[in-house]
Amino acid sequence: MTETTGHDDRAFPPALAEVGRTEFPYEDDDSIDFEPYEAFDSAAKTTDWLRHWTGNDELDSSAYRVFGQDGTGGLAALWLARPGLPLTDQPVVFMGSEGENGVVAGSLSDFLWVLADGLGPCEVVVLQDDASRPHAALNELAERHATTPRRPAREIIASAQAEFPTFAEDLEKLCR
């Protein structure tokens, strides 16, 4: 769970920067419960959060780059699970405020398509929702930045969760 790419890369990918500047409507039934950041949380802030979330004061956060949250404070992060690959090729995970957790997408590019389909990390992991509610602005963003082919969110989610089937169990083992 703590493998890294071998360096502490905290450069915010341009696609995430643009997501951070995108307006997310929160008041309608098709809203996405996601508040993107304009930069990664610091390593110190992420470590404090991870230690609090797991109750394990021995952990560091080198495997995570937190880039957004839901309305309750659950966090979305890039998980550096693929050594040697760039941040954009790392899976997106979500760790909810009440202990929920799971893999959302296999890469940043696939995450953009999930957002374009109207789903955020909370909807995928907590609500286990994969119903398509296309979001025009996020679709345009994904078309500009995605390097993977467009697929329905349900396919992206299922593929990522199949690739990393023990994420939740492995994270649970870190909890005290």
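The table below lists the values:
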quantity: Members of the range 24-66 found to be among the charged types (D, E, K, R) and within 26 Å of Q128 (Cβ to Cβ), listed by number; calculated: E27, D28, D29, D30, D33, E35, D41, R65
quantity: Members of the range 1-22 that are in a loop (DSSP other than H, G, I, E, B) and at pLDDT 80 or above; calculated: R10, A11, F12, P13, R21, T22
quantity: Any hit, the range 143-155, residues being buried (at least 23 other Cβ atoms within 10 Å of the Cβ), out of contact with any Cys (no Cβ under 9 Å at 6 or more places or on another chain) and part of a helix (DSSP H, G or I); calculated: yes
quantity: Candidate set: the range 108-138, residues that are of a type in the set (D, E, K, R) and outside any loop (DSSP other than H, G, I, E, B); chosen: the one nearest to D70 (Cα to Cα); calculated: E123
quantity: Residue count, the range 44-74 (criterion: surrounded by 17 or more Cβ atoms within 10 Å (Cβ to Cβ) and in contact with a helix residue (DSSP H, G or I) (Cβ under 7 Å, 6 or more places away or on another chain)); calculated: 9
quantity: Breaking point among (1) of a type in the set (V, I, T); (2) modelled with pLDDT of 95 or more; (3) more than 15 Å from V92 (Cα to Cα), for T72; calculated: (2)
quantity: Hits in the range 108-128 (condition: over 14 Å from F94 (Cα atoms) and touching an Asp or Glu at 6+ places or on another chain (Cβ under 7 Å)); calculated: G118
quantity: The range 33-80, residues that are hydrophobic (A, V, I, L, M, F, W, C) and closer than 22 Å to P14 by Cβ; calculated: F34, A39, F40, A43, V66, F67, L75, A76, A77, L78, W79, L80
quantity: Matching residues, the range 48-101, being assigned to a helix (DSSP H, G or I), under 27 Å from T148 (Cα atoms) and not aliphatic (A, V, I, L, M); calculated: T88, D89
quantity: Some residue of the range 110-124 being closer than 16 Å to P36 by Cβ and surrounded by fewer than 16 Cβ atoms within 10 Å (Cβ to Cβ); calculated: no
quantity: Pick from the range 23-41, criterion over 16 Å from the mean Cα position of the chain (by Cα) and of a type in the set (S, T, Y), ranking: modelled with the lowest pLDDT; calculated: Y26
quantity: T148 vs. criteria modelled with pLDDT of 95 or more and in contact with a Ser or Thr (Cβ under 6 Å, 6 or more places away or on another chain); calculated: yes
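To keep it simple, each residue is scored yes or no on (1) aliphatic (A, V, I, L, M); (2) under 22 Å from R21 (Cα atoms).
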| residue | (1), (2) |
| --- | --- |
| R65 | no, yes |
| G84 | no, no |
| L108 | yes, yes |
| V125 | yes, no |
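The values are calculated or read from the model by the stated rules, or taken from the named source; none is laboratory data. This is a predicted model, so every value here is computed, not measured. Methodologically, a virtual Cβ is constructed for each residue, glycine included, from the backbone with ideal geometry; neighbour enumeration extends over all protein chains shown.
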